[in-house]
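Novice: Quick one: this structure, given as structure tokens, is what I'll be asking you about.
FYI, it's all coordinate maths here, none of it is from the lab. Everything quoted here is computed from the prediction, not taken from an experiment. Positions of Cβ are generated from backbone atoms using ideal geometry, with glycine treated the same way; all protein chains shown enter the neighbour counts.
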Amino acid sequence: MSDLGLTSVSRAKCKFSALPNEGEWQSQKWSCAPSASVAAQQEGSAALTSIADILPHIIRSLTTTSEAGIHTAVSDHPPSSDLGCAINLLTQTKGLSMDDVMDLMDYLSSNPTEAVVFANFHGTEFRATWAWRKLSVICHGATSTTL
């Protein structure tokens, strides 16, 4: 009977492990506050995640606003100087190639009085005629007396 008594005692004993089971581990895991460095890392990680989530929306908003502002600035606010106005009108003159426009812009930059003349022409035909005459002088050395 003594063997039987030992068996019943051993059954009544609870086994205890140095490592808690999974449920106990979960409850003990947060029993202590995280260290300052761990808390800072967690806050930084959360902040970076938030920034990463919002950044595409900010970029899209800035890009859309910038493009709208560029189109508005060009069409609603003509340049205030005679040269700026002349260049704006020059880029709108029909029949000129990109090279023609660049040559004439260089010419107007070097000759501000010509920019005033060009900017004050009313009508596209006058501006186009002036542009072709100046191009012939610039490119071929023709003078107004030979035109």
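Novice: Over the stretch 82-140, calculate the relative contact order: mean separation of alpha carbon pairs under 8 Å at least 6 apart, over the residue count, as a percent. Each step should come with its number before you reach the end.
Specialist: Values: 42 pairs, mean separation 26.2, N = 59.
For the stretch 82-140, the relative contact order is 44 percent.
Novice: How long is the gain from I51 to H140 if the chain were fully straight, where each residue apart is worth 0.36 nm and the alpha carbon distance is subtracted? Intermediate values should be presented prior to the final figure.
Specialist: Working: separation 89, 0.36 × 89 = 32.04 nm, distance 5.97 nm.
Difference between extended and current length: 26.1 nm.
Novice: Starting from the Cα of A128, step 7 Å along the direction of its Cβ; do the same at A40; then give the gap between the two resulting points in nm.
Specialist: Between A128 and A40, the simple spin-label model gives 7.1 nm.
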